[in-house]
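Step one of this worksheet: look at the structure below.
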Amino acid sequence: MTGNNNIRIGTLFGIPFFVNPSWFLILGLVTWTYGNDLAQDFPTLLPGVPLVLGLVTGLLLFASVVAHELGHSWVAIKQGIPVRSITLFLFGGVASIEKEPTTPGNAFWVSIAGPLVSFLLCGLLVVFNSFVSLPAPLMAIVTVLAIINFSLGVFNLIPGLPLDGGNILKAIVWKITGNPYQGVKIASWTGQAFGVLAILSGLIPLLNGNPSRFWNILVGWFLIQNARSAGQLARVQSRLDGLDGWLVIDAVSEHSPIVSADASLRDFVELRTLHPGNWRKFLVVDAASKLVGEVTVDVLQSIPSELWASKQVGEVLKPIEPATVIEAGSSLIAAIEQLEQYQLSELTVIQADGLLVGLVEKVSIINLIQQRSNVISV
Ligand SMILES: [Zn+2]
């Protein structure tokens with residue numbers, strides 16, 4: 001959701017902390033807007049001071065967002081779920097957790113923790129303002145921060161994915177129906193519906209010549225995109241559940257491309273021509289059928305054909321990336337996760353002792369899922 005060009009700032013309580021480059025744009029905008037507001041409200045401030053106070057407000061605003069994300073993170077960690085990262089981006093913050101909570105109750109508490117932190121901070125700031133007498137401009141900043149934290153809590157409670165309210169709705173439906181995917185499905189619908197409302201709330205004034213709600217259009221667009229992809233992911237996952245108990249070995253391609261290390265390149269060319277699949281890459285095994293590397297067809301272009309008879313495949317092979325290898329006894333779900341994580345189209349399957357079994361392709365797993373999904377209710 002936040003792309004790969006995030007900048008790592010450091011760690012917060014052991015959690016890697018990133019900001020998306022778009023965040024600097026928002027910080028600049030907030031600094032300028034609040035700076036101008038303060039300059040107008042407090043004309044006695046020295047030149048430059050309102051802008052510095054605007055920057056402080058902007059940074060505190062994002063500290064509020066981080067506190068909100070830390071709320072989610074803290075509850076997740078309490079449940080034994082590691083937090084991968086906290087990232088600030090254009091539309092706020094996101095805490096990325098290693099896996100979904102296992103019960104609807106746990107999912108509920110992880111989701112509501114963020115808004116609770118925001119409301120708590122709002123309360124503390126209000127109390128602070130009424131007991132401590134600060135100079136008027138600083139008091140104005142504390143008030144603004146209290147309003148921001150309150151709005152953060154309320155906005156995130158809108159009951160549609162990807163917002164916290166959507167996750168809370170998901171947990172409630174999960175609790176009632178016993179099916180987590182049913183929860184995602186409904187929260188994905190409501191998320192898209194709120195996205196449409198947000199777009200309309202910005203678009204209608206815009207068509208009447210008032211662009212002040214343009215931001216709503218962007219937020220709505222963001223909601224629709226993310227709500228929809230959450231729904232799609234849930235559909236895939238619910239089908240995957242039907243693959244429970246299936247192993248990688250069940251999906252290994254019948255005609256996996258395998259060549260022996262002591263075969264000549266001429267033999268390799270012949271083998272490839274006769275092979276049923278149109279593979280660009282072959283797995284290389286030694287005399288004991290152990291996986292020793294891979295060879296691509298491209299290698300032939302760099303070697304003159306008169307040398308093909310005398311050169312062995314073993315001399316031109318490349319080592320195998322560990323990330324592309326999986327054990328035959330692993331679950332098919334683990335294979336899919338590995339394919340997704342490294343953006344691969346196939347995995348090399350070996351036995352625990354390193355003997356090569358063959359290849360498992362993403363397409364054949366998808367075919368299996370499609371066959372199975374006729375029997376599984378989604
Ligand atoms: Zn949240």
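Overview of results
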read-out: Cα centroid of region 143-164 to Cα centroid of region 180-237, whole Å; value: 16
read-out: Set of lysines with alpha-carbon distance to residue 99 below 18 Å, sequence-local pairs under 8 removed; value: 78, 170
read-out: Region 248-373 shape via C-alpha gyration tensor axes, a/c threshold 1.5; value: prolate
read-out: Average Cα contact separation per residue, region 248-373, under 8 Å, 6 or more apart, as relative contact order %; value: 30
read-out: Computed Kirkwood radius, in angstrom, where 1/r is averaged over Cα pairs of region 1-157; value: 16.7
read-out: Amide H partners (placed H, <5 Å) of residue 308, local residues excluded; value: none
read-out: Percent RCO, i.e. relative contact order, over region 1-157, from Cα pairs under 8 Å lying at least 6 residues apart; value: 21
read-out: Tilt relative to the chain, helix 214-241 - C-alpha long axis, 0 to 90 degrees, to 10; value: 40
read-out: Gyration tensor over alpha-carbon atoms, region 84-129, equivalent ellipsoid semi-axes in Å; value: 25, 16, 7
read-out: Residue among 52, 125, 114 farthest towards the positive dipole end of the chain, charges placed on Cβ; value: 125
read-out: Whole-Å semi-axes of region 77-230's equivalent ellipsoid (Cα gyration tensor); value: 29, 24, 13
read-out: For region 260-329: Kirkwood Rh in Å [reciprocal of mean 1/r, alpha carbons]; value: 12.7
read-out: Selected from 304, 338, 316, residue furthest toward positive end of dipole (region 248-373; charges at beta carbon); value: 304
read-out: Simple Cβ-charge dipole of region 248-373, Lys/Arg +1 and Asp/Glu -1, about Cα centre, in debye nearest 20; value: 200
read-out: Estimated dipole of region 60-196 in Debye, rounded to 20 [Cβ of Lys and Arg +1, of Asp and Glu -1, Cα centre]; value: 240
read-out: Separation of the residue 132 and residue 342 label points, Cα + 7 Å toward Cβ, nm; value: 5.2
read-out: Relative contact order computed over region 119-203 (Cα-Cα under 8 Å; 6+ residues apart), in percent; value: 21
read-out: Positive dipole terminus of the chain, leading residue within 42, 102, 252 (C-beta point charges); value: 42
read-out: Antiparallel DSSP beta bridges within the chain, percent to nearest 5; value: 75
read-out: Compactness of the chain - radius of gyration and Dmax, Cα, Å; value: 28.0, 90
read-out: Chain lengthening between residue 22 and residue 235 when straightened (0.36 nm per residue, less Cα-Cα); value: 73.6 nm
read-out: Span per principal axis, largest first, for the Cα atoms of region 175-241 (Å); value: 50, 21, 12
read-out: Set of lysines with alpha-carbon distance to residue 318 below 24 Å, sequence-local pairs under 8 removed; value: 281, 290, 362
read-out: Dipole magnitude (debye, nearest 20) for the chain, charges at Cβ of Lys, Arg, Asp, Glu; value: 1060
read-out: The chain - mean residue ellipticity at 222 nm from DSSP helices (-39,500 (n - 2.57) per run, n ≥ 4, rounded to 500); value: -18500 deg cm²/dmol
read-out: Order of 32, 109 - criterion: other Cβ atoms within 10 Å of each residue's Cβ, fewest first; value: 32, 109
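Values quoted throughout were computed directly from the atomic coordinates according to the rules given, and no laboratory measurement underlies them. Predicted, not measured: the structure shown is a model, and the values here were computed from it. For neighbour counting, all protein chains shown are included, and Cβ atoms are generated from backbone atoms with ideal geometry for every residue, glycine included.
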